[in-house]
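Encoded as C-alpha cells, the structure appears first; notes follow it.
Read-outs: derived from the displayed coordinates by stated rules, not from any lab. Everything numeric in this text was worked out from a predicted model, so none of it was measured. Please note: Cβ atoms are built from the backbone with ideal geometry, for glycine as well, and neighbour counts cover all protein chains shown.
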Amino acid sequence: MNTFFLYVNIFLGFLILACLYRVVMGPTTIDRMIAVSAIGTKTLILLILIGFIFGRVEMFVDICTVYALLNFLGTLATTKFFEGRGKC
Amino acid sequence: MLTTVYENLIVQTVCRIMVPFIQIYALYVIAHGHYSPGGGFQGGVILTASLALIFLAFGQGAVTRRINRRLAVILASAGVFIYAGIGLLCLLLGGNFLDYAQLAKILGVTIPRARSLGILGVEVGVGLAVMAAMYSIILDIAGSPAKPETKSRPISENKP
Amino acid sequence: MIWQLDFLFLILVLICALAAINIKDLLSAVIILGAFSFFMCLLWAEMGAVDVAFTEAAVATSVCTILFVGAIIKTTRRSKD
C-alpha cells in the first residue's frame, strides 16, 4: 500500500509542475493568483498522503485543516490592491 | 488602499460564516498543544488570521470597533503577565522558575495534574500575547494611521 | 525521509525561488512567495518536523501576504533594479 501512495504522490507532484508553469510564465498577475490557489488544493492532498506513508494520519490532518481554512486570505489581500487602481 | 471596504456580498457572507469556525479551531490548537502539532504560538497566529479576515472584508472601522489599538496593547501585556506570573508564583512557593509541581500546594490536586494545568496556563498566555502583537503589527503596516491630535493655537495670534 | 519525494520538492522549491528573484513586478513576486511557502511546508512535513510545518502553514498563508501587500501599496510596485 505504501508504494501505491508513493506513486500517487509523484504523479500529483508532476501535476503541480504543470500548474507551476502558469505561475512562473503567466503574463498577468491574476493568472498567477489563480494558479497558486489551485496548487494549494493539491498541497492538501499531498500532505494527507504523506501522513498515510508515515503511518500516523492524525497529526497531518491538523495541518491540512489550517490550509483548508486559510487558503483564500492571500487572494483576498491581493485583489484589494487592484480595487482602486484598475488593472495596471 | 487596504482600508477601503470591499463591498461585495459574497465576500462578506463567507467572512460571516467562516470567522467563528476559525476561532474555535484556534482554541482547539492552543488547548491540544501538548499532544498534537500546535501550541500557543500557532493558535495565536490563527486567531490573528480571523481578525485579518474581518479587516479585509469589512474595513478598518469594523475591526477597530471590536478591538481597538489600546486594547491590543493591554491584551499583549496581559499575556506576558500570565506567563511571568505563573513562573513567579512557582518561585514564591519554593521551587525554581516555572516549576509547576509547586502549584499542587495551592490547587490541591496531584502533582502530574498540577504540571498539566501549569502548561495549559502558559500556553493561553502565549496565545493571547501573540494574537495581540500580530494584530497591532497588521494595523500599523496595512492600515491608515490614527488621526493625529491637533495642537490648539490661540485665536488672537495675528501675524504682522 | 523518502528520497523520491525529497528530490521532487527540492526541485519545486528551486523553480519558485529562481522565479521570485528574477521577476520585476513585485506583486507577482509576492504571489510566487506564497507558492514557495506551500512547498517549504511540504518539505518540512516530509522530513518529519510537523510543528515547523504547522507554523509555516499558519504564518505564511495569512499574515505574511497581508504585510507584503501593505508594504507594496505604500511604496512602489516596480522593482528598481
Within the stretch A:56-74, how many residues are facing chain C (nearest Cβ under 9 Å) and in contact (Cβ under 8 Å) with a residue 24 or more places away in the chain?
3
Filter the stretch A:9-31 for residues that are over 20 Å from residue C:17 (Cβ atoms) and of a type in the set (Val, Ile, Thr); the one that is nearest to the other protein chains (Cβ to nearest Cβ) is A:10
Before we move on, is residue C:28 facing another protein chain (nearest Cβ under 7 Å), touching a helix residue (DSSP H, G or I) at 6+ places or on another chain (Cβ under 7 Å) and surrounded by fewer than 24 Cβ atoms within 10 Å (Cβ to Cβ)?
yes
For the list (1) under 24 Å from residue A:58 (Cβ atoms); (2) within 14 Å of chain C (Cβ to nearest Cβ), I need the number of the one condition that residue B:119 fails.
(2)
Pick from the stretch B:109-146 the residues that are closer than 15 Å to residue B:77 by Cα and touching a Phe, Trp or Tyr at 6+ places or on another chain (Cβ under 8 Å): which of them is surrounded by the most Cβ atoms within 10 Å (Cβ to Cβ)?
B:127
Looking at residue A:53, is it part of a helix (DSSP H, G or I) and either of a type in the set (S, T, N, Q) or more than 9 Å from every other protein chain (Cβ to nearest Cβ) (or both)?
no
Are any of the residues in the stretch C:13-23 closer than 30 Å to residue B:51 by Cβ, in contact with a helix residue (DSSP H, G or I) (Cβ under 9 Å, 6 or more places away or on another chain) and either away from chain B (no Cβ under 14 Å) or surrounded by fewer than 20 Cβ atoms within 10 Å (Cβ to Cβ) (or both)?
yes
For residue C:8, work out the one condition from (1) under 14 Å from the mean Cα position of the chain (by Cα); (2) away from chain B (no Cβ under 11 Å); (3) surrounded by 15 or more Cβ atoms within 10 Å (Cβ to Cβ); (4) of a type outside the set (Lys, Arg) it doesn't fulfil.
(1)
Buried (at least 20 other Cβ atoms within 10 Å of the Cβ), more than 14 Å from the chain's Cα centre (by Cα) and either facing another protein chain (nearest Cβ under 7 Å) or not hydrophobic (A, V, I, L, M, F, W, C) (or both): which single residue out of C:54, C:38 fits that description?
C:54
